[in-house]
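Participant: Below: one structure in structure tokens.
Only the coordinates and a few stated rules stand behind these numbers; no lab work does. All figures in this text were calculated on a predicted structure; none of them were measured in a lab. Because the Cβ atoms are built from the backbone with ideal geometry, glycine has one as well, and the counts that use them run over all protein chains shown.
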Amino acid sequence: KAGVTQTPRYLIKTRGQQVTLSCSPISGHRSVSWYQQTPGQGLQFLFEYFSETQRNKGNFPGRFSGRQFSNSRSEMNVSTLELGDSALYLCASSTGLANYGYTFGSGTRLTVV
Amino acid sequence: TQLLEQSPQFLSIQEGENLTVYCNSSSVFSSLQWYRQEPGEGPVLLVTVVTGGEVKKLKRLTFQFGDARKDSSLHITAAQPGDTGLYLCAGVGTDSWGKLQFGAGTQVVVTP
């Protein structure tokens, strides 16, 4: 079966711009989570969507937002980019059942200059 | 916030040696997952442990969940260069839908 697809793989943006990242989960998976990974902070949870509803949210500013579509595909948006937003953004797909494992995509490497 | 502490941060060993990575918390988790991540890629799930005291084996890898569901360990027997990678433990809180709390990771390097 196809894995989790994240696009684009690499992005370079300027401070103040906004960016939209896309994630297509494994077919049949209704849960999509987003994580930010940086060398200093490791993997940090952004938010999780299940059947188009946000079920959980991490401690990130409101500049970080997301949504999920009826086909379970998800997007996350970061507005007013800051240098500190440079990171690997990872999307994870799951059935949404408790204690079920997650399948991660290869990530989008965002660089803010 | 439920914090997970991994130790050690870095392990460098020779092929054929054994190693153990620890993951500890003061909080109870409903389950704990272990992942391995290669540079530039997303983490890949190795195992999920759910029951306190549970032991799971995956070829040369042995995973254990503490009786109180607050800690876990990963033991690799006769490590091979292909075991090189960043090992991450991640806990699922008792009331945290879809949220994994990750440890900082243990970088393992196995040299031939």
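Participant: Assuming 0.36 nm per residue, please report the length gained on full extension of the stretch A:ARG67 to A:GLU82 beyond their Cα-Cα distance. If you can, show how the numbers build up before the last one.
Facilitator: Working: separation 15, 0.36 × 15 = 5.40 nm, distance 2.12 nm.
My answer for the length gained is 3.3 nm.
Participant: What length, rounded to one decimal in nm, is gained on full extension from A:ARG30 through to A:GLN18, with 0.36 nm per residue of separation minus their alpha-carbon distance?
Facilitator: Values: separation 12, 0.36 × 12 = 4.32 nm, distance 2.66 nm.
Between A:ARG30 and A:GLN18, full extension yields 1.7 nm more.
Participant: Okay, moving on. Under a straight-distance cross-link criterion of Cα-Cα below 28 Å, which lysines are reachable from B:LYS70, leaving out those fewer than 8 residues away in the same chain?
Facilitator: Correct list for B:LYS70: A:LYS57, B:LYS56, B:LYS57, B:LYS59, B:LYS99.
Participant: Let me ask you something else. If one puts a single equal scatterer on every Cα of the protein assembly as shown and applies the Debye formula without solvent, what log₁₀ I(q)/I(0) results at q = 0.10 Å⁻¹?
Facilitator: Values returned for q = 0.10 Å⁻¹ are -0.45.
Participant: Then there is this: Computed FRET efficiency, Cβ-Cβ of A:GLU52 and B:GLU15, R0 41 Å: what is it to the nearest 0.05? Before the final figure, lay out each step's value.
Facilitator: Working: r = 48 Å, r/R0 = 1.18.
Calculated value: 0.25.
Participant: Further, regarding this structure: For chain A, place one equal point scatterer on every Cα, skip the solvent, and apply the Debye formula. What is log10 of I(q)/I(0) at q = 0.17, 0.23 Å⁻¹?
Facilitator: Log10 I(q)/I(0), no solvent term: -0.75, -1.33.
Participant: Between B:SER26 and B:LYS57, what is the FRET efficiency for a Förster distance of 41 Å, r being their Cβ-Cβ separation, to the nearest 0.05? Please report the intermediate quantities before stating the final value.
Facilitator: Details: r = 28 Å, r/R0 = 0.67.
The value I calculate is 0.90.
Participant: Can you tell me the convex hull volume per residue for the stretch B:1-93, based on C-alpha atoms, in Å³ to the nearest whole number?
Facilitator: Values: hull volume 8.7 nm³, N = 93.
Output value, Cα hull per residue: 93 Å³.
Participant: Then there's this: Between B:LEU61, B:LEU45, B:LEU86, find the one with the highest GNM mean-square fluctuation for chain B; connect C-alpha pairs within less than 10 Å.
Facilitator: The residue that fluctuates most here is B:LEU45.
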